[in-house]
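Novice: Encoded as structure tokens, here's the structure I'll be asking about.
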Amino acid sequence: MSQDSARVEQAALDADRERNSALAVLSTSVGRNAGLVIALLIICIVGAFTAGDRFSSTDNALTILRLAATIGVVSIGMTFVIIGGGIDLSVGAIVALSSVWCTTLSTRMMAEDTHWIAMVGVALLVGAGCGLVNGLLIAYGNIVPFIATLAMLASARGLAEIISDKKTQTLTAGGVDVGGFKDFFTRDILGVDVQIWLFALVALAGWILLNRTTFGRRTVAVGGNLEAARLAGINVKRHTVYLYVLIGVCCGIAALMLVAKTTTGSSTHGNLYELDAIAAVVIGGTLLTGGRGTIVGTVLGVLIFSTLTNIFILNNRSFSEQSLFKGAIIVAAVLLQQRLASRNSST
Amino acid sequence: MTQPLLQMSGIVKEFPGVRALDGVDLDVRAGEVHCLLGQNGAGKSTLIKVLSGFHQPDEGTITWNGEVSSFSTPAKAIEHGVATIYQELDLVPHLDVTENVFLGHEVSRAGFSQRTQARRQVRDLLARLGHSEISPTRIVGELSPAKQQIVSMARALSRQTRLLILDEPSAVLDQEEVDNLFRVIRDLTEDGVAVVYISHRLEEIREIGDRITVLKDGRTVATGLAVADTPTAELIKLMTGRSIEYVFPPRPEEDRGRGDVVLDVQDLALAGVFSGVNLSVHAGEIIGLAGLVGAGRSEIVETVYGARRASAGTVTVDGKKLRRGSVQQAVRAGMGLAPEERKSQGLLLDEAVFKNITVSSMRRFARLGFLNRGEERRQATELTESLDVRPTGVTRAVRTLSGGNQQKIVLARWLMRDCRVLILDEPTRGVDVGARSEIYQLIRSLADRGVAVVVVSSEIEEVLGLADRVLVVREGAVVHESAATAIDEAAVLDLVMEGKVPA
């Protein structure tokens, strides 16, 4: 074959690939997420009308993002677990346990002038450890994820209560350089809180992990068709363990953000996080049955919820009204997705 | 002659890419046992599903009791008086016997269930079936498969059944239970109930049947044969008689030296399913495993592959002994499996073609865990072009491809890995006739490249036409091994059905 014809073929291939990937992008992330963007815009318009300038200001935008950051990090982890065909009900409890463990260890048990990075290490290790236990029980103990993580929900919070003696632990100067910790997690970078940057970083890392790595590909395979993944030679049990460790680490990060923000560690931290995270993931278009989902969708889902909360607060509406509305949004979003999905498959 | 209770004529049922029924005629009279005979894939199951209202025929008419009728839903079929006992029993395991029998038509008054009355009726039904020892309050899941079948029968009798369809009922029964079943069938036919009886066991058909209809490739090849006047040889000829010519690629010359043994299986067993399986496959050789569904063929190859954990025996690839029950190790050693249930076991249907192809060789495209998607797509494109997968385009979802092209994607996955041993379980199931020859050609060319191939198929013709060496599996044991050219279709059929070669 001449070089020319080879080049022509290559060009045709490239063009085809471009067209295909453009189509793929349209029909997947953007297509499915465009609806979410529109929903978010409508909510913002409602916010601007009802709360005026108090809503539409840079400061308030940052407030919304700050509100979104902690639960957002957990939701990214949840996206992986759900795409992988599982569910994790224990995220809130793991956040509580991590927060209590790292405040106890760092403020009371460590030597003078220990670097605050020790707190980070402890929180992440506790999160990963809980995730490891979840993953092992599910993958090798053959306990369904719902039950295994329900058990972790109960026991992790229980352990957090025992460690903290049900008292809120204030982050006071003790062994560790607490000031450095607080400074790091509450400082601004380019006018934006470090916590928001952290959320953005976790979301970006999650996107790359899901879409560009073997780990992401395996996650989709395991959640999409467990048996096919197993017969294709994927170690599905080990991968399941990794998924729960991953969400555990996300909980550890969220715990650090909470500890810095509230300057406390408490066994009540992260209450109902599991519901908020699952709701955000589902709103974001991830299938609860696994195999399909996007990080962008989850981020939008989190933003929709935190913007709503913000609007309710600005309008002095009660928390109860907020919850009621959240429930309605979840149902509406899922109904809409099903309608869209059935139209897609019929055409 | 009396008017038939059921008359089906010219029934056609098409599924995407496959014509499952292609003109079936069947007439069943009240009070007779009508046997349905045919090889796997002949269309028996589809026909039953049409009769019980699960599938709608695309063409043809069903006449019921002299009137043209449509069996548009299962409820409609039940209303007509059709009851089906499936091979896979369809009982609710957590409910008790009475609840199962009256499932869907509970005995009730004003919305309150009349439990005492229901139990009394069930007790009568069970007594009629000769199993009064089954308590109406037993949980069905605790009963043996044979007893569960009795419960299914009781369910059928609890309605006004006029046609009872039994799909391989004897598969779960021992001899005494089969005798009891036959007694019940004779009782029913005396009351004027028509029975459609499906079985692979010719001796049973001889004992209980009145007339026989033979299906082959979705067509009725003979109908209304009197059991008493039709010799076995004639039946086997009807079942195997070729109606479609497949083109099989030529085998290599006999004297061409075979390669080394690549796959060696010694005394492999899976407790309760099969035992004592020995198998060795040379490079460049195609081994065929023939046998009925349920004989243990799929279980054998899945155990070789590590998808099931062997209870005894060894599997060796290129001299390396594999750990039991480890698919990963089997894949690493160079084994590949194209599973029987392509859609549920083989493919990620909603994912792109290239992702399905590279899923077993991701490491090759990854650096530090990051995938080179351009390279993935390039190599997948090359491969799909060489396999002539249509329509082209490696980013399209696998779901949009036909059965034959989906099978090519599964094969491409293992070609991508350069595997040493390829196991193909029912490689042409759901593949239309035109694409079959292509798949056969592909399998042969793989062998020519030195791959050791194991093919499992219910279609004897396929095993004999494609393989170099044939193993016949019956009831969990290999009962015969020979060169494919040394045995013919009728002999294999006799082996799989009766376990012996005719004199």
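The values are calculated or read from the model by the stated rules, or taken from the named source; none is laboratory data. Just so it is clear, the structure is predicted and the values come from calculations on it, not from any experiment. When we count neighbours, we look across all protein chains shown, and the Cβ atoms used for this are built from the backbone with ideal geometry, even at glycine.
Novice: Tell me, please, whether a residue that is modelled with pLDDT of 80 or more, over 26 Å from B:ARG128 (Cα atoms), outside any loop (DSSP other than H, G, I, E, B) and in contact with a strand residue (DSSP E or B) (Cβ under 6 Å, 6 or more places away or on another chain) can be found in segment B:205-213.
Specialist: Quick first cut of segment B:205-213, residues modelled with pLDDT of 80 or more only: B:205-213.
Among the residues that remain, those that are also over 26 Å from B:ARG128 (Cα atoms) are: B:212-213.
Now narrow it down to the ones that are outside any loop (DSSP other than H, G, I, E, B): B:212-213.
Filter again for in contact with a strand residue (DSSP E or B) (Cβ under 6 Å, 6 or more places away or on another chain), leaving B:212-213.
Looking through segment B:205-213, at least one residue is modelled with pLDDT of 80 or more, over 26 Å from B:ARG128 (Cα atoms), outside any loop (DSSP other than H, G, I, E, B) and in contact with a strand residue (DSSP E or B) (Cβ under 6 Å, 6 or more places away or on another chain).
Each row is one residue, and each column tells you yes or no for (1) in a helix (DSSP H, G or I); (2) out of contact with any strand residue (DSSP E or B) (no Cβ under 7 Å at 6 or more places or on another chain); (3) within 24 Å of B:PRO4 (Cα to Cα); (4) outside the structural domain of B:GLY104 (by TED's automatic domain parsing).
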{"position": "B:ALA156", "(1), (2), (3), (4)": "yes, no, yes, no"}
{"position": "B:LEU164", "(1), (2), (3), (4)": "no, no, yes, no"}
{"position": "B:GLU177", "(1), (2), (3), (4)": "yes, yes, no, no"}
{"position": "B:ASN180", "(1), (2), (3), (4)": "yes, yes, no, no"}
{"position": "B:VAL184", "(1), (2), (3), (4)": "yes, yes, yes, no"}
{"position": "B:THR189", "(1), (2), (3), (4)": "yes, no, yes, no"}
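Novice: Report whether or not A:ASP193 is more than 14 Å from every other protein chain (Cβ to nearest Cβ) and within 23 Å of A:ILE76 (Cβ to Cβ). Before you say what the answer is, go through the steps one by one.
Specialist: On the way: more than 14 Å from every other protein chain (Cβ to nearest Cβ): yes; within 23 Å of A:ILE76 (Cβ to Cβ): yes.
It is true that A:ASP193 is more than 14 Å from every other protein chain (Cβ to nearest Cβ) and within 23 Å of A:ILE76 (Cβ to Cβ).
Novice: Please find, among B:THR392, B:THR428, the residue that is crowded, with 24+ Cβ neighbours inside 10 Å, at pLDDT below 90 and in the same structural domain as B:ALA290 (by TED's automatic domain parsing). Give the steps one after another, and end with the answer.
Specialist: On the way: B:THR392 fails: crowded, with 24+ Cβ neighbours inside 10 Å.
That would be B:THR428, the only listed residue that is crowded, with 24+ Cβ neighbours inside 10 Å, at pLDDT below 90 and in the same structural domain as B:ALA290 (by TED's automatic domain parsing).
Novice: Is it fair to say A:LEU288 is more than 14 Å from every other protein chain (Cβ to nearest Cβ) and in a helix (DSSP H, G or I)?
Specialist: Values: more than 14 Å from every other protein chain (Cβ to nearest Cβ): yes; in a helix (DSSP H, G or I): no.
Considered against the rule, which asks whether it is more than 14 Å from every other protein chain (Cβ to nearest Cβ) and in a helix (DSSP H, G or I), A:LEU288 comes out as no.
Novice: Scan (1) more than 23 Å from the chain's Cα centre (by Cα); (2) crowded, with 23+ Cβ neighbours inside 10 Å for the single condition B:LEU422 breaks and write down its number.
Specialist: Failed condition: (1).
Novice: Could you list all residues from segment A:47-68 that are under 27 Å from A:THR149 (Cα atoms) and either aromatic (Phe, Trp, Tyr) or surrounded by 24 or more Cβ atoms within 10 Å (Cβ to Cβ) (or both)? So that I can check it myself, show each step before the final result.
Specialist: Within segment A:47-68, the first condition is being under 27 Å from A:THR149 (Cα atoms), and the residues that meet it are A:67-68.
Within segment A:47-68, A:ALA68 is the sole residue that qualifies.
Novice: Is segment A:40-53 home to any residue that is among the charged types (D, E, K, R) and at pLDDT below 90?
Specialist: Within segment A:40-53, the subset among the charged types (D, E, K, R) is A:53.
Pick out the ones that are also at pLDDT below 90 and you get A:53.
Within segment A:40-53, one or more residues are among the charged types (D, E, K, R) and at pLDDT below 90.
Novice: In this structure, is B:ILE286 away from every other protein chain (no Cβ under 14 Å) and touching a helix residue (DSSP H, G or I) at 6+ places or on another chain (Cβ under 6 Å)?
Specialist: Details: away from every other protein chain (no Cβ under 14 Å): yes; touching a helix residue (DSSP H, G or I) at 6+ places or on another chain (Cβ under 6 Å): yes.
Answer is yes for this residue.
Novice: Right, something else. Taking segment B:390-414 as the region of interest, how many residues are within 12 Å of B:LYS355 (Cα to Cα) and of a type in the set (Lys, Arg)?
Specialist: Looking only at that region, the number is 2.
So that you can scan it fast, the table gives a plain yes or no per residue for (1) farther than 29 Å from A:ALA69 by Cα; (2) in contact with a Cys (Cβ under 7 Å, 6 or more places away or on another chain); (3) in a helix (DSSP H, G or I); (4) within 11 Å of chain B (Cβ to nearest Cβ):
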site	(1), (2), (3), (4)
A:VAL220	no, no, yes, yes
A:GLU227	yes, no, yes, yes
A:LYS237	yes, no, yes, yes
A:TYR242	no, no, yes, no
A:ILE247	no, no, yes, no
A:GLY252	no, no, yes, no
A:MET257	no, no, yes, no
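Novice: Now for a different question. Applying the selection to segment A:217-251, what residues are in contact with a Pro (Cβ under 9 Å, 6 or more places away or on another chain) and either within 18 Å of A:TYR140 (Cα to Cα) or aromatic (Phe, Trp, Tyr) (or both)? Walk me through how you get there before you give the answer.
Specialist: Residues of segment A:217-251 that are in contact with a Pro (Cβ under 9 Å, 6 or more places away or on another chain), as a first pass: A:227-228, A:231, A:240, A:244.
Scanning segment A:217-251 gives A:GLU227, A:LEU231, A:THR240, A:TYR244.
Novice: For the list (1) under 22 Å from A:LEU97 (Cβ atoms); (2) in contact (Cβ under 8 Å) with a residue 24 or more places away in the chain; (3) part of a helix (DSSP H, G or I), I need the number of the one condition that A:LEU210 fails.
Specialist: Result: A:LEU210 passes all but (1).
Novice: Given the conditions (1) part of a loop (DSSP other than H, G, I, E, B); (2) over 27 Å from A:LEU153 (Cβ atoms), and given that A:THR268 satisfies all but one, which numbered condition is not satisfied?
Specialist: (2) is the only condition that A:THR268 fails.
Novice: In addition: I'd like the full set of residues that are in a strand (DSSP E or B), more than 14 Å from chain A (Cβ to nearest Cβ) and surrounded by 15 or more Cβ atoms within 10 Å (Cβ to Cβ), limited to segment B:304-322. Talk me through it step by step, then tell me what you get.
Specialist: Restricting attention to segment B:304-322, the residues satisfying the condition of being in a strand (DSSP E or B) are B:312-317, B:320-321.
Filter again for more than 14 Å from chain A (Cβ to nearest Cβ), leaving B:312-316, B:320-321.
Scanning segment B:304-322 gives B:GLY313, B:VAL315, B:THR316.
Novice: Name, by its number, the condition in (1) over 27 Å from A:PHE184 (Cα atoms); (2) at pLDDT 90 or above that does not hold for A:ALA277.
Specialist: Failing condition for A:ALA277: (1).
Novice: Among the residues of segment B:477-488, is there at least one that is over 22 Å from B:GLU203 (Cα atoms), crowded, with 18+ Cβ neighbours inside 10 Å, touching a helix residue (DSSP H, G or I) at 6+ places or on another chain (Cβ under 6 Å) and in the same structural domain as B:ASP318 (by TED's automatic domain parsing)? Talk me through it step by step, then tell me what you get.
Specialist: First, pick out the residues of segment B:477-488 that are over 22 Å from B:GLU203 (Cα atoms): B:481-487.
Of the ones still in play, those that are also crowded, with 18+ Cβ neighbours inside 10 Å are B:484, B:487.
Narrowing the set further to residues that are touching a helix residue (DSSP H, G or I) at 6+ places or on another chain (Cβ under 6 Å) leaves B:484.
Next cut, in the same structural domain as B:ASP318 (by TED's automatic domain parsing) only: B:484.
Within segment B:477-488, one or more residues are over 22 Å from B:GLU203 (Cα atoms), crowded, with 18+ Cβ neighbours inside 10 Å, touching a helix residue (DSSP H, G or I) at 6+ places or on another chain (Cβ under 6 Å) and in the same structural domain as B:ASP318 (by TED's automatic domain parsing).
Novice: For segment B:33-61, give me each residue that is surrounded by 20 or more Cβ atoms within 10 Å (Cβ to Cβ) and part of a strand (DSSP E or B).
Specialist: Correct list: B:VAL33, B:HIS34, B:CYS35, B:LEU36, B:LEU37.
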